[in-house]
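The values are calculated or read from the model by the stated rules, or taken from the named source; none is laboratory data. Just so it is clear, the structure is predicted and the values come from calculations on it, not from any experiment. A quick note on method: Cβ atoms are made from the backbone with ideal geometry, for glycine too, and the neighbour counts reach across all protein chains shown. SASA here: full protein model, heavy atoms, side chains in, ligands and nucleic acids out. Shrake-Rupley method; radii C 1.70, N 1.55, O 1.52, S 1.80 Å.
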Amino acid sequence: VSGPALKPPAGVTVLFDEPLAGWTSFGIGGPAEILCLPTDEDQLRQVLDWARQAGRPVTVLGGGSNVLISDRGVPGLVIILRQGFDRISHQPLGPEEVLIRAGAGFSSGRLVSLAGEHGWLDLAFLAGVPGSIGGAAVVNAGAAEGWMSDVVQGLRVLNGQGRSRRLDRAELDYTYRCLRLDPDKIVVEVELKSRLAEPGTVSQMIGRWLKRRRVRQPGGAGSAGCFFKNPPRDSAGRLIEAVGLKGRRCGAAMISDVHANFIVNLGRARAADVMVLAERARTEVWIRFGIELEPEVRFLGRGREKWPWL
Ligand code: EPU
């Protein structure tokens, strides 16, 4: 990005060559060419204009908990919606239900705390799901107890031209761990509907699910959650364990010895190390079971062409 007409928009925090490792739960990744942190929709529009005029690609990152960022970084603009996009409001829909509007940058963890306090029964499933609610809506985050697609009523999005639009639930093409959304659309606000229940009961559910996660899964830090989607009626973790890869290491990356569908960063792992393990797991599971594992984690940045199955 160069030339007088292409100065960064005034007032927007813009960081050049910003290492992205610290913006992800994996703790892995090279720099963003330009990291932009707009704090309202107007700033976001200016950033999108800037990208368009400069002809640079745009990548949006949420809480960074379901991504693996290339060691060679991400070209163009990376946009993260956090401060300013972390507002929340809720209104009753009759005596038994509530509608919640949360900014895309609102954290899923904080939403779970509120669910416990207010008795938002249908949001309890988010217990232990990391990241931001915008990201959760885009990857259809979930657990055995529920998915985002069960509770999302609508999304407010901005397109590449900066126009705002509400997409109703009926227009959203949700499948397992996936929302098909035009690539130029950025989710800025998420509408969620929940039944109301006794707050004590909801808090207890949340506590139980958090505990189960702590036992069955390695902690959230240093991983991106489950690496592969579960194949129909099976579990990627079970399959990877069955081919004997639990605890297998490459550099500072390891297939978790707690849950084999998690790849963990033991310190200074590189994305390349993680991909060696992922590729190995895919190959062995294919040879032994004839099942092709599909990634759940999204790979962002340079070098993606090296892994055609991503
Ligand atoms: N299993 C093994 N070995 C392992 C891991 C699991 O044999 O290393 C077996 C378990 O014993 C169990 C079965 O596989 O019989 C299923 O395991 P688990 O209950 O841990 O759930 P999962 O199918 O592996 C899914 C989601 C998780 C979510 C949990 C709990 C996917 C890919 N994973 O895991 O989501 O937290 O259920 O609800 O859908 C994520 O998406 O990032 C994620 C962590």
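Structure notes:
- Take the conditions (1) without any contact (Cβ under 8 Å) to a residue 60 or more places away in the chain; (2) crowded, with 18+ Cβ neighbours inside 10 Å; Val98 misses just one of them, which is (1).
- Pairs, first free of Cβ contacts under 8 Å to residues at least 60 places away in the same chain in the range 217-233, second more than 10 Å from the ligand (Cβ to nearest atom) and open to solvent by 40 Å² or more (accessible area, probe 1.4 Å), C-beta under 7 Å, six or more apart: none
- Listed by position, the strands (runs of 3 or more DSSP E) enclosed by the range 215-309 that each have at least 2 residues that are of a type outside the set (Phe, Trp, Tyr) and open to solvent by less than 10 Å² (accessible area, probe 1.4 Å) are 253-255.
- Looking across the range 121-133, the residues that are in contact (Cβ under 8 Å) with a residue 24 or more places away in the chain and closer than 27 Å to Pro95 by Cα come down to Leu121, Asp122, Leu123, Ala124, Phe125, Ala127, Ile133.
- Test for Ile69: is it in contact with a Ser or Thr (Cβ under 7 Å, 6 or more places away or on another chain), closer than 30 Å to Ala272 by Cα and surrounded by 16 or more Cβ atoms within 10 Å (Cβ to Cβ): yes
- Across the range 143-157, the qualifying residues are those that are open to solvent by less than 10 Å² (accessible area, probe 1.4 Å) and out of contact with any Phe, Trp or Tyr (no Cβ under 6 Å at 6 or more places or on another chain), and the one among them that is nearest to Asp234 (Cα to Cα) is Met148.
- When Leu121, Leu126 are checked against the criterion of being closer than 23 Å to Arg195 by Cα, open to solvent by less than 60 Å² (accessible area, probe 1.4 Å) and within 16 Å of the ligand (Cβ to nearest atom), Leu126 stands alone in meeting it.
- If you go through the range 168-187 and keep only what is of a type outside the set (Val, Ile, Thr), under 20 Å from Glu41 (Cβ atoms) and in contact (Cβ under 8 Å) with a residue 24 or more places away in the chain, you end up with Leu181, Asp184, Lys185.
- Checked against the criterion of being of a type outside the set (Phe, Trp, Tyr) and assigned to a helix (DSSP H, G or I), the range 153-160 contains not a single residue that satisfies it.
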